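Here's the structure, in structure tokens; my notes come after.
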Amino acid sequence: MSMYRAAFTAAAASFLASAASAATVNIDVRGSDGKPLAGAVVMVDTSRKSAAPIKFDYAYEMAQQNIAFVPHVLIVPVGSSVTFPNRDKVRHHVYSFSKAKKFDLKLYGKDETRAVVFDKAGVVALGCNIHDAMSGFVIAVDTPFAVQTDANGHATITGVPIGGASIRVWHPTIHAADNILTQPATVSAAGFATTYTIRGK
């Protein structure tokens, strides 16, 4: 067997072993009315931590646009620098009093940008000192397995290591510490699927 073929075979075996040790997690989230809950954040924590840096394939940006934060919820890895561009004709004063990250971006105008590093895992609620109706959230995570539910209240997370895990669900309507519910789970080779219904007070 040539050196090239041996290397290819070893790489293929490594890939297959890795694929065989990972599965897909499917989570459905329902509100207290039983309807699908869009925009909930589903996070899967596993004992097997990746050595590679956590990255998501979108911009770490929380814009002010049409007197609103866009997107309303932004998931970023811990340690990320998030930009806060102002795309409105009026000035904004963005701040947060959250324990995961306190900051205060003084008044700045159209086409100006500020940036904040989110160096601690947690939920950071955003506000604007000028426009009280504005609200948004930055969720800083230390797991690569974190997504928002879609319009059908569904979240699919692939590549989750098989074994014990902890599943966290965040939404501002959840009446719990930090608006997060946490439950243990076991991810098998066939994957894991369940439905969480958010209860009222």
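Remarks
- Subset of the range 24-44 (residues that are surrounded by 15 or more Cβ atoms within 10 Å (Cβ to Cβ) and more than 12 Å from the chain's Cα centre (by Cα)): Val25, Asn26, Ile27, Asp28, Val29, Arg30, Gly31, Pro36, Leu37, Ala38
- Number of positions in the range 78-92 that are over 14 Å from Lys110 (Cβ atoms), surrounded by fewer than 17 Cβ atoms within 10 Å (Cβ to Cβ) and not hydrophobic (A, V, I, L, M, F, W, C): 3
- Residue count for the range 93-102 satisfying the condition of being more than 20 Å from the chain's Cα centre (by Cα) and surrounded by 18 or more Cβ atoms within 10 Å (Cβ to Cβ): 1.
- Flag for Lys106 being among the charged types (D, E, K, R) and in contact with a His (Cβ under 7 Å, 6 or more places away or on another chain): yes
- Taking the range 42-56 as the range and being touching a strand residue (DSSP E or B) at 6+ places or on another chain (Cβ under 8 Å) and assigned to a loop (DSSP other than H, G, I, E, B) as the test, the residues that pass are Ser47, Arg48, Pro53, Ile54, Lys55, Phe56.
- Meets criteria (without any contact (Cβ under 8 Å) to a residue 40 or more places away in the chain, in a strand (DSSP E or B) and surrounded by 18 or more Cβ atoms within 10 Å (Cβ to Cβ)) for Val124: yes
- Residue ID - farthest from the chain's Cα centre (by Cα), chosen from residues in the range 53-77 that are more than 15 Å from Ala133 (Cα to Cα) and open to solvent by 60 Å² or more (accessible area, probe 1.4 Å): Pro53
- Within the range 2-42, tally of residues that are at pLDDT below 50 and among the hydrophobic types (A, V, I, L, M, F, W, C): 12
- Looking across the range 127-180, the residues that are part of a loop (DSSP other than H, G, I, E, B), open to solvent by 20 Å² or more (accessible area, probe 1.4 Å) and closer than 16 Å to Tyr196 by Cα come down to Asp150, Ala151, Asn152, His171, Pro172, Thr173, His175, Ala176.
The values are calculated or read from the model by the stated rules, or taken from the named source; none is laboratory data. Given the structure is predicted, the values throughout are model-derived calculations rather than measurements. Here Cβ is always computed from backbone atoms with ideal geometry, including for glycine, and neighbour counts include all displayed protein chains. Just the protein is used for accessible areas: all its heavy atoms, side chains included, with ligands, DNA and RNA removed. Shrake-Rupley method; radii C 1.70, N 1.55, O 1.52, S 1.80 Å.
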